[in-house]
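Scroll down for the structure; my scribbles are underneath it.
The values are calculated or read from the model by the stated rules, or taken from the named source; none is laboratory data. Keep in mind that this is a model prediction, so the values were computed, not measured. So basically every Cβ, Gly included, is an ideal-geometry build from the backbone, and we count neighbours across all protein chains shown.
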Amino acid sequence: MFNLNIYAYRLMDNHYHLLVSTPDANLSRAMRHINGVYTQII
């Protein structure tokens with residue numbers, strides 16, 4: 001959907017850590033989507 005390369009992730013109790021890159025200049029849109037989905041799940 002956002003053409004992200006995910007190298008590492010860590011899910012914590014109330015937050016997460018991501019190591020990502022994207023060849024497209026859409027990191028802010030991707031993070032907005034990920035944060036929205038993450039907050040709905042918790």
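Condition first: exposed (fewer than 10 other Cβ atoms within 10 Å of the Cβ) and either over 10 Å from the mean Cα position of the chain (by Cα) or in contact (Cβ under 8 Å) with a residue 24 or more places away in the chain (or both). Now tell me which residues in region 22-35 satisfy that. P23, A25, listed by residue number. Against the test of being touching a Lys or Arg at 6+ places or on another chain (Cβ under 9 Å) and of a type outside the set (S, T, N, Q), the options Y38, Y16 yield a single qualifying residue, Y16. Close contacts from region 1-15, counting a first residue that is under 18 Å from L27 (Cα atoms) and a second that is aromatic (F, W, Y), with Cβ to Cβ under 8 Å and a gap of 6+ residues or different chains, come to Y9/Y16.
Hey, could you check region 11-32 for residues that are more than 20 Å from M1 (Cα to Cα) and assigned to a loop (DSSP other than H, G, I, E, B) and say which is modelled with the lowest pLDDT? Filtering first and then ranking leaves N14.
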